[in-house]
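Every number here is computed from the coordinates shown, using simple stated rules; none is lab data. Here the structure is a predicted model, which means the values were calculated and not measured. All Cβ positions, even for glycine, are placed from backbone atoms using ideal geometry, and neighbour counts span all protein chains on display.
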Amino acid sequence: MERDRTYVLHILDEIDAIEKFVAGTSFEEFVSDLKTTKAVERSLEIIGEAAKNLSEEFCKNVPDIPWRDIAGIRDKIIHHYFDVDHAIVWDVVKNDLPKLKAVLERHR
């Protein structure tokens, strides 16, 4: 479905942006750089929103991705912005996004 493809491309664009934001950055540098943390959080919000808009059919066809969790990170960031856990954000960026990118690259 073309609509799903559009959302997949949005997700991939944001993952690419996050990779650029944190390239060569340690966790300590990430946490101390307000611009980078805010940029990454915003990109994660966009990824979560795009994931929420993927069709049920698409999500069922890509069952190895925890779509609910991806959508949930957006809600967590938006609704708990005063206490965003940067360690969790960093873990998502370093461990979860590469896996998501690899899977979605096959569904461009």
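Structure notes:
- Residue in region 53-63 that is surrounded by 14 or more Cβ atoms within 10 Å (Cβ to Cβ) and closer than 19 Å to Val89 by Cα present: no
- Looking at Ala102, Ala87, just one residue is in contact (Cβ under 8 Å) with a residue 60 or more places away in the chain, exposed (fewer than 12 other Cβ atoms within 10 Å of the Cβ) and not hydroxyl-bearing (Ser, Thr, Tyr), and that residue is Ala87.
- Helices (runs of 4 or more DSSP H) within region 3-80 that include 2 or more residues within 22 Å of Val103 (Cβ to Cβ) and either out of contact with any Phe, Trp or Tyr (no Cβ under 9 Å at 6 or more places or on another chain) or among the polar types (S, T, N, Q) (or both): 34-53, 56-61, 67-79
- Val89 being in a helix (DSSP H, G or I), aliphatic (A, V, I, L, M) and touching a Leu at 6+ places or on another chain (Cβ under 9 Å): yes
- Tabulated pairs, region 59-79, first over 17 Å from Ile11 (Cα atoms), second assigned to a helix (DSSP H, G or I) and of a type outside the set (Ser, Thr, Tyr), C-beta under 7 angstrom, 6+ apart or interchain: Ile78/Glu45
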